[in-house]
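K.L.:
Before I ask anything, let me first share the structure, which is written out below as C-alpha cells.
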Amino acid sequence: MCIRVIGTSNRKYANIGDIIIAVVKEAVPNMPIKKSEIVRAVIVRTCKEFKRNNGSIIKFDDNAAVVINQEGNPKGTRVFGPIARELRESNFTKIVSLAPEVL
C-alpha cells in the first residue's frame with residue numbers, strides 16, 4: 001500500500017517508474033522483509049493505461065512494485081512478470097536485467 005510518492009509535494013497516485021514509500025501487505029515466511037514493514041519501492045506495472053510517446057498504450061493486468069534500497073538497487077534477486085520499458089529510461093537497469101520480459 002502506497003504511503004507517499006517520492007519527489008512530489010502533493011501527488012496522490014504513482015505512475016510507472018515512480019519511487020514510493022510503501023507498507024508490505026503480505027510477505028513470504030523466513031524472508032528479511034516482514035509484514036507491515038515500511039519500504040522504498042519502484043512501480044513496475046499498473047492497471048491504469050500508460051501512453052507512450054509513439055502513441056501506443058500499454059496496460060497490465062495488475063499493479064506491482066519492486067522493493068529497492070537507498071541507492072536504487074533491488075533488494076531481491078528475482079522479478080516476476082513483465083515490466084515496462086520506461087524503467088530503463090529511469091535508470092533502473094538492474095531491475096530491467098532481472099525481469100523475464102520487458103514490454
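K.L.:
Being in contact (Cβ under 8 Å) with a residue 60 or more places away in the chain and either over 15 Å from Gly17 (Cα atoms) or acidic (Asp, Glu) (or both), is that true of even one residue in the range 66-88?
P.N.:
Residues of the range 66-88 in contact (Cβ under 8 Å) with a residue 60 or more places away in the chain: 84, 86-87.
With the extra rule that they be either over 15 Å from Gly17 (Cα atoms) or acidic (Asp, Glu) (or both), the set shrinks to 86.
Looking for residues that are in contact (Cβ under 8 Å) with a residue 60 or more places away in the chain and either over 15 Å from Gly17 (Cα atoms) or acidic (Asp, Glu) (or both), one finds at least one in the range 66-88, hence yes.
K.L.:
Further question: Let me confirm something: among Ala27, Ala41, which residue is within 22 Å of Arg4 (Cβ to Cβ), assigned to a loop (DSSP other than H, G, I, E, B) and without any contact (Cβ under 8 Å) to a residue 40 or more places away in the chain? Show your work before the answer.
P.N.:
Values: Ala41 fails: assigned to a loop (DSSP other than H, G, I, E, B).
Answer to the check: Ala27.
K.L.:
Let me ask something else. Out of curiosity, is Lys35 closer than 24 Å to Arg85 by Cβ, open to solvent by 60 Å² or more (accessible area, probe 1.4 Å) and either polar (S, T, N, Q) or not in a strand (DSSP E or B) (or both)? Lay out the reasoning, then the answer.
P.N.:
Numbers: closer than 24 Å to Arg85 by Cβ: no; open to solvent by 60 Å² or more (accessible area, probe 1.4 Å): yes; either polar (S, T, N, Q) or not in a strand (DSSP E or B) (or both): yes.
It is false that Lys35 is closer than 24 Å to Arg85 by Cβ, open to solvent by 60 Å² or more (accessible area, probe 1.4 Å) and either polar (S, T, N, Q) or not in a strand (DSSP E or B) (or both).
K.L.:
Mind checking which residues of the range 62-94 are closer than 23 Å to Arg4 by Cα and touching a Gly at 6+ places or on another chain (Cβ under 9 Å)?
P.N.:
Matches in the range 62-94: Asp62, Ala64, Val66, Val67, Ala84, Glu86, Leu87, Glu89, Ser90, Asn91, Phe92.
K.L.:
From the residues in the range 46-78 that are open to solvent by 70 Å² or more (accessible area, probe 1.4 Å) and of a type in the set (Val, Ile, Thr), which one is modelled with the lowest pLDDT?
P.N.:
Thr77
K.L.:
I need a count of the residues in the range 8-24 that are closer than 24 Å to Ile57 by Cα and either open to solvent by 80 Å² or more (accessible area, probe 1.4 Å) or part of a loop (DSSP other than H, G, I, E, B) (or both).
P.N.:
Let us first name the residues in the range 8-24 that are closer than 24 Å to Ile57 by Cα, namely 11-20.
Those left that are additionally either open to solvent by 80 Å² or more (accessible area, probe 1.4 Å) or part of a loop (DSSP other than H, G, I, E, B) (or both): 11-18.
So the count comes out to 8.
K.L.:
Quick one: what pairs do we get from the range 91-102, first residue part of a strand (DSSP E or B), second open to solvent by 90 Å² or more (accessible area, probe 1.4 Å) and modelled with pLDDT under 90, C-beta under 9 Å, 6+ apart or different chains?
P.N.:
Val102/Arg85; Val102/Arg88
K.L.:
Moving on to the next point. May I ask you to say which residue of Val28, Val5, Val42 is under 18 Å from Val79 (Cα atoms) and crowded, with 16+ Cβ neighbours inside 10 Å?
P.N.:
Answer to the selection: Val42.
K.L.:
Then there is this: If I ask for residues that are aliphatic (A, V, I, L, M) and under 20 Å from Met31 (Cα atoms), which ones from the range 76-90 would you list?
P.N.:
If the condition is that a residue be aliphatic (A, V, I, L, M) and under 20 Å from Met31 (Cα atoms), then Val79 is the only one that fits.
The values are calculated or read from the model by the stated rules, or taken from the named source; none is laboratory data. Computed from a predicted model, the values in this text were never measured in an experiment. No Cβ is skipped: glycine too gets one built from the backbone with ideal geometry, and neighbour counts run over all protein chains shown. Surface areas here come from the heavy atoms of the whole protein model, side chains and all, with no ligands, DNA or RNA. Shrake-Rupley method; radii C 1.70, N 1.55, O 1.52, S 1.80 Å.
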